[in-house]
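I have placed the structure first, in the form of C-alpha cells, so that the comments after it can refer back to it.
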Amino acid sequence: MPIRTTETAPAAGVRAVPRGGSPAARARRTERAKNWARRAPLLPALVFLIIVTQLPFVATVVISFTRWNALAPENRGFAALDNYRAVFTDPAMRASVGTTVLLTVTVVLVSLLLGLVLALLLDRGFRGRGIVRTLLITPFLVVPVASALLWKHALYNASYGLLNGSLTWIWRLFGSDDPPQPDWMTDSPLAAVEVSLIWQWTPFMMLILLAGLQSRATDAIEAARMDGASAFDIFRYLTLPHLRRYLELAALLGTVYVVQNFDAVFTITSGGLGTANLPYTIYQTFYQAHDYGRASAQGVVVVLCSLLVATFALRTVSSLLREEVTR
C-alpha cells in the first residue's frame with residue numbers, strides 16, 4: 001500500500017524561508033566565497049613569509065630570555081629580563097645607539113637635501129636628461145659591500161686612493177712636492193662611512209622626490225607664473241608644500257634602511273674608532289663574544305625600534321595613496 005506524504009502548510013503570519021537561506025544570506029556566502037577565491041593564491045606566499053620571517057623572530061625572542069653563552073655552556077638557563085637589563089645598561093650599547101643616531105640623521109638629512117637638488121634639476125627639460133638620470137641612479141644599484149669596498153680602496157686609501165692622488169696632482173700644479181696625504185679612514189672614520197652611505201642613498205631620495213615633482217598640478221604653477229611669481233616663490237609656496245609628504249616618506253624609509261646598515265661599517269672601519277653602530281654591536285656580541293642570549297635581546301630591541309619608524313612610514317604611504325585617489 002503506497003504511503004501518502006503530507007506537507008504541513010506554514011502557520012498563518014509566518015513567512016516560509018526558502019531552502020538555502022534568505023537571499024541576503026546567500027549573497028553573503030557568495031561574497032565570502034569570492035573573497036576566499038581571491039585570497040587563496042596568496043596563501044602559499046603568506047605561509048612562506050611566516051616560516052622565513054616570523055618563526056625566526058619568535059625563536060629570537062625566546063632565546064633573548066635565556067642565559068646562553070657558547071664560552072660557558074654549563075651556565076645555560078632561563079635568564080628572565082637579565083639580558084634586556086644588560087642591553088640598556090651596557091656602555092658599549094649606549095655608545096652604539098649614539099653612533100647609530102648620528103650616522104642615520106647625517107646620512108638621511110644630507111642625502112635628502114642632495115636628492116632634492118638633483119630632483120629639481122632633473123625636473124627641467126634638457127638634452128640628455130635620460131642619460132643623466134640613469135647615471136645618477138647607478139650608485140643606488142651597486143651592491144652595498146661593493147660600494148663600501150670601492151670607497152675604502154679606490155678613494156680613501158692613503159697610498160693609492162683617488163682622493164690623495166687628486167691632492168698630489170693639485171699641489172704639483174702649484175709647484176709643491178709636499179702635498180697633504182691624510183688617512184681618511186683613520187682621521188675621520190665616521191665621516192668616511194657617512195660619505196659612502198650618502199653617495200649610495202642620494203639616488204633613492206632623488207627618485208622619490210622626482211616622482212613627487214612630476215605629480216604636481218601644472219595649471220597652478222602656470223597660473224603663478226602668469227601672476228608674476230618668481231621661481232623661488234613657486235618653490236616655497238607651491239612645490240615645497242606639495243613635496244612635504246614625499247619628503248617625510250623618503251626620510252622615514254631612509255631611516256629604516258640606514259639604521260640597519262652593516263656593510264659600510266664592517267667593510268670600511270670594522271667598527272673601530274667609534275663607528276660601531278647597533279647592527280655591528282649585535283654582530284660583535286653574537287660572533288665574537290658568543291653571547292647568544294644578549295645578542296638576541298639586542299636584536300629584539302633594534303627590531304622594535306625599526307618597526308616604530310616603519311609604522312610612521314606606512315602611515316605616510318597610506319596618506320599619499322589616499323591623496324592620489326581623491327584627485
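The values are calculated or read from the model by the stated rules, or taken from the named source; none is laboratory data. Everything numeric here is computed off the predicted structure, so don't read it as measured data. Positions of Cβ are generated from backbone atoms using ideal geometry, with glycine treated the same way; all protein chains shown enter the neighbour counts. Protein only, heavy atoms only, side chains kept; ligands, DNA and RNA dropped before computing areas. Shrake-Rupley method; radii C 1.70, N 1.55, O 1.52, S 1.80 Å.
Comparing mean-square fluctuations of Arg315, Arg26, Arg85 from a GNM of the chain with C-alpha springs under 10 Å, the top value falls on Arg26.
For the range 52-100, the alpha carbon positions stretch 31, 31, 19 Å along the principal axes, listed from largest to smallest.
Here the relative contact order of the range 132-228, from alpha carbon pairs under 8 Å that lie six or more residues apart, stands at 28 percent.
Within the chain, the proportion of Cα pairs with more than 34 Å between them is 50 percent. Accessible surface computed residue by residue for the chain, with neighbouring protein chains in place and a 1.4 Å probe, gives 64 Å² per residue.
When a/c reaches 1.5 or more, the comparison of a/b and b/c decides; with that in mind, is the range 31-158 rounded, prolate or oblate per its Cα gyration tensor? Verdict is oblate for the range 31-158.
Axis angle, to the nearest 10 degrees, between helix 91-122 and the longest C-alpha principal axis of the chain: 90 degrees.
Across the range 154-305, Cα pairs under 8 Å and at least six residues apart give a relative contact order of 18 percent. Assign unit charges at the C-beta atoms only (+1 for Lys and Arg, -1 for Asp and Glu), then state the dipole size of the range 178-321 relative to its Cα centre in Debye, rounded to the nearest 20. Taking the Cα centre of the range 178-321 as origin, the dipole is about 580 debye. The charge dipole of the range 56-183, taken about its Cα centre with unit charges on the Cβ of Lys, Arg, Asp and Glu (plus for the first two, minus for the last two), comes to roughly 500 debye. What you get for the chain, charging only the Cβ of Lys and Arg (+1) and of Asp and Glu (-1), is a dipole of about 2140 debye around the Cα centre. Accessible surface of the chain, 1.4 Å probe: 67 percent of it comes from carbon and sulfur atoms. Lys152 sits among other residues whose Cβ lies under 15 Å from its own Cβ, and their net charge, with Lys and Arg +1 and Asp and Glu -1, is -4.
Would you give the gap between the C-alpha center of the range 51-110 and the C-alpha center of the range 280-301, rounded to a whole Å? The range 51-110 and the range 280-301 have Cα centres spaced 5 Å from each other. Counting only alpha carbon atoms, the long axis of helix 55-64 and the longest principal axis of the chain meet at about 70°. Under the classification rounded if a/c is under 1.5, otherwise prolate if a/b is larger than b/c and oblate if not, where does the range 132-287 fall, given a ≥ b ≥ c as square roots of the Cα gyration tensor eigenvalues? Note, shape of the range 132-287 comes out oblate. Other residues lying with their Cβ under 12 Å from the Cβ of Ala264 contribute a combined charge of -1, Lys and Arg counting +1, Asp and Glu -1. Positive-end ranking of Ala86, Tyr287, His242 along the dipole of the chain, with charges on Cβ about the Cα centre, is headed by His242. Over all other residues within a Cβ to Cβ distance under 13 Å of Ala192, the charged ones net out to -2, with Lys and Arg as +1 and Asp and Glu as -1.
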